Amino acid sequence: MAIYAVGDIQGYLQPLLQLLEKVNFNPKNDQLWLTGDLVNRGPESLESLRFVRNLGKSAKTVLGNHDLHLLAIAAGVRKEKRNDTLKSIFTAPDYEELINWLRLQPLVHIDPSINTLMIHAGVFPLWDEKMLLNYSGEFEKALRSDQYIKLLKNLNKSQQTKWKKSLSLRDQISFTFNSCTRMRFCTPELRLDLDFKGELGPQSQAQSLVPWFQHPSRHKIKQRIIFGHWSALGFHNDTNTICLDSGCIWGRKLTLIRLDKDEQILQIPCEQPS
């Protein structure tokens, strides 16, 4: 069995299919991990959802901010944005099945056999594995409950960027959403910065901001961390973390990596729809 991970596909199914063909992916024996953001911006959001769902247990995906954006629109608590490419999902005969399936996906996936953790944006520096699983579990329980529309409505106005153990459950869930699906940088005082989306380095990086995975207060989680979300960062291997979002939605590349041995890396160009 081979275990592969791919960065944010965001509705670009064809590059993914080409990569899987190159590695002779067999869903009967192999696993495909996806770092979230299955939908939006690309031309095949509906087809991407169907493909991953139909892989069944062979697919391991986590929720990204665009996936939750889709769920919020479906729940009637958010409006579509001008650049969204989600309309075909809402008119599909299997629309409800796809939305219900997406609601059941986790924020975090861990496989102890390969000592690897997958999350969409990152792990808040002060959290260890136990805290991450506890707070992400509360989020997942709320999303899968009968009160999920209320949750998505609250997330729609979520501004919780400072962590304290004394936060209310509602604010804990809000912070979990922001850190697990939206975070790139933190301030030195460990407040999330949700605005700056640029590259690393003094030429582009605000001097007051630190990448979450380089923060000096970061708890040393034992697992290798696979994440996406940060297209300006691109493929990046640093301090036991690997970013797989290499900017497919901007016409750059989609990246696939083998996780169970040798970290074999494959990339393929993503053509923008005309």
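Quick check on the stretch 2-25: of everything there that is among the polar types (S, T, N, Q) and within 18 Å of THR85 (Cβ to Cβ), which residue is farthest from the chain's Cα centre (by Cα)?
Out of the qualifying residues, it is GLN14.
If I filter the stretch 143-158 for residues that are assigned to a loop (DSSP other than H, G, I, E, B) and surrounded by 16 or more Cβ atoms within 10 Å (Cβ to Cβ), do I get at least one hit?
Yes: the stretch 143-158 contains one or more residues that are assigned to a loop (DSSP other than H, G, I, E, B) and surrounded by 16 or more Cβ atoms within 10 Å (Cβ to Cβ).
In the stretch 231-274, which residues are within 20 Å of VAL210 (Cβ to Cβ) and either modelled with pLDDT of 95 or more or β-branched (Val, Ile, Thr) (or both)?
If the condition is that a residue be within 20 Å of VAL210 (Cβ to Cβ) and either modelled with pLDDT of 95 or more or β-branched (Val, Ile, Thr) (or both), then THR239, THR241, ILE242, CYS243, ASP245 are the ones that fit.
Does any residue in the stretch 95-116 that is more than 16 Å from LEU34 (Cα to Cα) come within less than 7 Å, Cβ to Cβ, of a residue that is among the hydrophobic types (A, V, I, L, M, F, W, C) and part of a helix (DSSP H, G or I) six or more places away or on a different chain, and which pairs are these?
The qualifying pairs are TYR95/ILE89; LEU98/LEU49; LEU98/ILE89; ILE99/LEU71; ILE99/ALA74.
Do we have any residue at all in the stretch 57-72 that's loosely packed, with under 15 Cβ neighbours inside 10 Å, assigned to a loop (DSSP other than H, G, I, E, B), touching a residue at least 40 places away in the same chain (Cβ under 8 Å) and not hydroxyl-bearing (Ser, Thr, Tyr)?
Checked against the condition, which is being loosely packed, with under 15 Cβ neighbours inside 10 Å, assigned to a loop (DSSP other than H, G, I, E, B), touching a residue at least 40 places away in the same chain (Cβ under 8 Å) and not hydroxyl-bearing (Ser, Thr, Tyr), the stretch 57-72 yields no hits at all.
Taking PRO125, is it surrounded by fewer than 16 Cβ atoms within 10 Å (Cβ to Cβ), within 24 Å of ILE221 (Cα to Cα) and in contact with a strand residue (DSSP E or B) (Cβ under 7 Å, 6 or more places away or on another chain)?
It is false that PRO125 is surrounded by fewer than 16 Cβ atoms within 10 Å (Cβ to Cβ), within 24 Å of ILE221 (Cα to Cα) and in contact with a strand residue (DSSP E or B) (Cβ under 7 Å, 6 or more places away or on another chain).
Quickly run through the stretch 38-56 and pick out the residues that are assigned to a helix (DSSP H, G or I), touching a helix residue (DSSP H, G or I) at 6+ places or on another chain (Cβ under 8 Å) and hydrophobic (A, V, I, L, M, F, W, C).
Matches in the stretch 38-56: LEU46, LEU49, PHE51.
What pairs can you find where one residue is in the stretch 74-86 and under 14 Å from GLY42 (Cα atoms), the other is of a type in the set (Val, Ile, Thr) and part of a loop (DSSP other than H, G, I, E, B), and their Cβ atoms are less than 8 Å apart, with a gap of 6+ or different chains?
Here the result reads THR85/VAL39; LEU86/VAL39, each pair linking the stretch 74-86 to a residue that is of a type in the set (Val, Ile, Thr) and part of a loop (DSSP other than H, G, I, E, B).
Residue under question is ASN24, and the condition is that it be among the polar types (S, T, N, Q) and over 26 Å from SER231 (Cα atoms); does it hold?
Criteria met by ASN24.
Can you tell me which residue is surrounded by the fewest Cβ atoms within 10 Å (Cβ to Cβ) among those in the stretch 100-122 that are in a helix (DSSP H, G or I) and in contact with a helix residue (DSSP H, G or I) (Cβ under 8 Å, 6 or more places away or on another chain)?
Among those residues, the one meeting the criterion is TRP101.
Is it the case that the stretch 40-49 has a residue that's under 18 Å from the mean Cα position of the chain (by Cα), of a type in the set (D, E, K, R) and at pLDDT below 95?
Yes: the stretch 40-49 contains one or more residues that are under 18 Å from the mean Cα position of the chain (by Cα), of a type in the set (D, E, K, R) and at pLDDT below 95.
Are there any strands (runs of 3 or more DSSP E) wholly within the stretch 162-256 with 3 or more residues that are out of contact with any Ser or Thr (no Cβ under 6 Å at 6 or more places or on another chain) and free of Cβ contacts under 8 Å to residues at least 24 places away in the same chain, and if so which?
Counting at least 3 such residues, we get no strands (runs of 3 or more DSSP E) at all.
Which members of the stretch 2-37 meet the condition of being under 20 Å from HIS236 (Cα atoms) and part of a loop (DSSP other than H, G, I, E, B)?
Selection gives GLY7, ASP8, ILE9, GLN10, THR35, GLY36, ASP37.
Could you tell me whether the stretch 208-231 includes any residue that is on the phi > 0 side of the Ramachandran plot and buried (at least 19 other Cβ atoms within 10 Å of the Cβ)?
yes
Does the stretch 85-98 contain any residue that is closer than 27 Å to HIS236 by Cα and assigned to a loop (DSSP other than H, G, I, E, B)?
No, the stretch 85-98 has no match at all.
The values are calculated or read from the model by the stated rules, or taken from the named source; none is laboratory data. Quick caveat, the model's predicted, so the values are computed rather than measured. FYI the Cβ positions are ideal-geometry reconstructions off the backbone, even for glycines, and counts take in every protein chain you see.
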